[in-house]
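Undergrad: Here it is: the structure, laid out below.
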Amino acid sequence: MNHAKPISIRTAAWPLGALLFASLAGAGLVTLRIAWTGRFTYLFLIWNLVLAWLPLIFALVLCHEYQKERPRKRWRLGMLAALWLLFLPNAPYIFTDLVHLDTWFRNHYWVDLSLILLFALTGFMLGFLSLYLVQHVVADRFGRTVSWLFVAVVAGLSAFGIYVGRFLRWNSWSIITHPVGLALDLGHRAAHPLTNYLGVVFPILFATFLFLAYLMLYALTHLQPRRESGS
């Protein structure tokens with residue numbers, strides 16, 4: 001069985017630093033926009049980015065706990081994995097904030113487009129890194145083939161979570177704060193799938209986007225400089 005060792009926090013220091021810098025830059029640009037327009041509308045981008053950091057934090061802690069190799073504490077790994085999966089859709093969710101370009105501040109369209117895309121890309125990369133870390137844990141435990149099946153399932157679940165958040169207006173924590181209402185809403189829509197085609201088409205398309213984007217970025221992480229013979 002082909003295994004891949006989990007990634008340590010120290011190894012991930014460079015991408016973490018780059019993501020932190022991008023997040024601070026985005027927050028600074030939102031602040032400048034507020035000073036320019038006198039409106040606080042795009043503060044939600046900062047909040048969404050904070051939520052996008054949570055799955056990465058859970059993934060880092062999960063990797064740290066996994067490397068301790070304490071079998072009696074496996075419940076911690078399960079709890080961290082559940083929290084990671086629950087909040088993971090918040091990372092790529094920011095792409096759907098592009099919908100606000102149709103209704104707000106048409107005179108600032110290109111400025112707002114650039115701003116939202118910066119946050120969306122940062123959020124996606126936060127999600128990519130967190131999935132990359134967790135996939136290595138799964139690969140070390142079950143092998144690479146299972147880890148890629150895991151990635152495909154996670155992409156599907158994340159896409160469905162984004163649909164629930166954007167169109168049904170439920171949050172990640174609604175499963176704790178409003179479990180009955182969430183279950184009833186999802187149950188009703190599952191019982192009448194033909195009346196809501198968006199609930200089927202959107203998750204499939206977005207899951208495809210997430211998986212292919214992850215695959216391309218994953219491939220880039222395996223670029224190696226060519227070594228000259230004899231060197």
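The values are calculated or read from the model by the stated rules, or taken from the named source; none is laboratory data. Please read these numbers as outputs of a predicted model, since none were measured by experiment. Ideal geometry is used to build each Cβ from the backbone, glycine not excepted, and the neighbour counts take in all protein chains shown.
Undergrad: Under the condition of being assigned to a loop (DSSP other than H, G, I, E, B) and either at pLDDT 90 or above or in contact with a helix residue (DSSP H, G or I) (Cβ under 6 Å, 6 or more places away or on another chain) (or both), which residue from region 6-25 is surrounded by the fewest Cβ atoms within 10 Å (Cβ to Cβ)?
TA: Result: Ile9.
Undergrad: Quick test of your reading of the structure: His192 fulfils all but one of (1) over 27 Å from Leu20 (Cβ atoms); (2) surrounded by 14 or more Cβ atoms within 10 Å (Cβ to Cβ). Name the failing condition by number.
TA: In the conditions (1) over 27 Å from Leu20 (Cβ atoms); (2) surrounded by 14 or more Cβ atoms within 10 Å (Cβ to Cβ), His192 misses (2) alone.
Undergrad: Now a separate question. What is the one condition in (1) more than 18 Å from Gly161 (Cα to Cα); (2) free of Cβ contacts under 8 Å to residues at least 60 places away in the same chain that His188 does not satisfy?
TA: It fails just one condition, (1).
Undergrad: Would you call Leu118 in contact with a Phe, Trp or Tyr (Cβ under 7 Å, 6 or more places away or on another chain) and closer than 19 Å to Gly26 by Cα? Give the derivation first.
TA: On the way: in contact with a Phe, Trp or Tyr (Cβ under 7 Å, 6 or more places away or on another chain): no; closer than 19 Å to Gly26 by Cα: yes.
No, not satisfied.
Undergrad: Mind listing whichever residues of region 112-151 are surrounded by fewer than 16 Cβ atoms within 10 Å (Cβ to Cβ), in a helix (DSSP H, G or I) and among the small types (Gly, Ala, Ser)?
TA: Selection gives Ser114 alone.
Undergrad: Still on this structure: Show the residue pairs that are 6+ apart or on different chains and have beta-carbon atoms under 9 Å apart, the first residue being within region 75-97 and without any contact (Cβ under 8 Å) to a residue 12 or more places away in the chain, the second being charged (D, E, K, R) and surrounded by fewer than 19 Cβ atoms within 10 Å (Cβ to Cβ).
TA: Filtered contacts from region 75-97: Arg76/Glu65; Arg76/Arg70.
Undergrad: Right, Leu129: under 15 Å from the mean Cα position of the chain (by Cα), under 25 Å from Ala59 (Cβ atoms) and in contact (Cβ under 8 Å) with a residue 24 or more places away in the chain or not?
TA: Here the answer is yes, as Leu129 does meet what is asked.
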